[in-house]
1. Select, from V256, V175, the only residue that is within 14 Å of the ligand (Cβ to nearest atom), among the hydrophobic types (A, V, I, L, M, F, W, C) and either surrounded by fewer than 24 Cβ atoms within 10 Å (Cβ to Cβ) or in contact (Cβ under 8 Å) with a residue 12 or more places away in the chain (or both).
2. Among the residues of the stretch 148-157, is there at least one that is closer than 29 Å to A210 by Cα, among the hydrophobic types (A, V, I, L, M, F, W, C) and over 20 Å from the mean Cα position of the chain (by Cα)?
3. What strands (runs of 3 or more DSSP E), lying completely within the stretch 40-122, carry at least 3 residues that are at pLDDT 95 or above and within 20 Å of the chain's Cα centre (by Cα)?
4. What about E202, is it charged (D, E, K, R), within 16 Å of the ligand (Cβ to nearest atom), over 15 Å from T245 (Cβ atoms) and crowded, with 24+ Cβ neighbours inside 10 Å?
5. Just to be sure I understand, how many residues within the stretch 13-43 are surrounded by 15 or more Cβ atoms within 10 Å (Cβ to Cβ), more than 15 Å from C80 (Cα to Cα) and among the polar types (S, T, N, Q)?
6. Among the residues in the stretch 206-224, are any without any contact (Cβ under 8 Å) to a residue 40 or more places away in the chain, within 12 Å of the ligand (Cβ to nearest atom) and either farther than 30 Å from M141 by Cβ or crowded, with 24+ Cβ neighbours inside 10 Å (or both)?
7. Could you please find all residues in the stretch 147-165 being modelled with pLDDT under 95 and part of a helix (DSSP H, G or I)?
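The values are calculated or read from the model by the stated rules, or taken from the named source; none is laboratory data. Since this is a predicted model, take the numbers as computed values, not measurements. Every residue, glycine among them, receives a Cβ derived from its backbone with ideal geometry; neighbour counts consider all protein chains shown.
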Amino acid sequence: MSAIPDRPIALLSPMVEERDALFHRLTDAATHAIGTLQVVTGKLEGHSVVLAESGVGKVASAAITTLIATALDCRAIVVCGVAGGIDPELGIGDVVIADRLIQHDYGHLTNQGIRNFRPGIAPLGEARDRIAFDLHPELLMRIGAAVKDIQLLPLPSDLGVVTRRPPRIAFGPIVSGDQFINSEDVRERLHRDYAALAVEMEGAAVAQAAELIGIPCIVIRSLSDLAGAESHLDFPKFLRAVAPTAAEVVSRIVSVL
Ligand code: ADE
């Protein structure tokens, strides 16, 4: 078994299809065990990384973040995978890079709906703390510069996607919760309440763990569905086709982390 490199960047993908899109880009790949968890170390564009499948949802992904980042002394964590699109300007295949991450399901639930609190703070009384985990503005600028000139390839036409234009990269809020969103009403609410561009099930939980550890958390997602009435059909249809786009964007930003 080869040695684990010094201070790698952790790459986490919730599902195996998302993990494989990154695995194909690694050189010097070697498997290791951390307790019962299998991880792959290697190089991505010459940078030391450790890749793992985090599992779906906030608890699984935060637990694995803590395990890997502390066991291997990781210097940053990148979540790479797919998401449901929330902003009506975006389409399947587009990529969202989170400038802020919010746990949309953490808070105080009444007949009037949810009032969010910062995760970890008791959700009662007045919510005084910021609810979002923000990416450091300087790191955000470096990532913006690194992706500025990327030309992404359109999805294959036989998949029947509505837009044939090349995927676009957008920066904005991503919301996370332990729910697969398959509802126009919820999609509209997430856009209205958080100005969210996309929804997924891990990013803001990984950000909470990363904040505690003291390392940056970057979340990069390609859109597999639009979180509305068709999302349960679109997700399995587009998962494998769009996952490589997020992996490509990750490979372009590792040099600035
Ligand atoms: N990940 C991909 N699509 C999603 C959706 N519609 N809801 C939550 N997480 C997702």
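1. V175
2. No, that holds for no residue.
3. The strands (runs of 3 or more DSSP E) meeting that bar are 47-53, 76-85, 95-103.
4. Considered against the rule, which asks whether it is charged (D, E, K, R), within 16 Å of the ligand (Cβ to nearest atom), over 15 Å from T245 (Cβ atoms) and crowded, with 24+ Cβ neighbours inside 10 Å, E202 comes out as yes.
5. Selection size over the stretch 13-43: 1.
6. For the stretch 206-224, residues without any contact (Cβ under 8 Å) to a residue 40 or more places away in the chain, within 12 Å of the ligand (Cβ to nearest atom) and either farther than 30 Å from M141 by Cβ or crowded, with 24+ Cβ neighbours inside 10 Å (or both): absent.
7. S157, D158, L159, listed by residue number.
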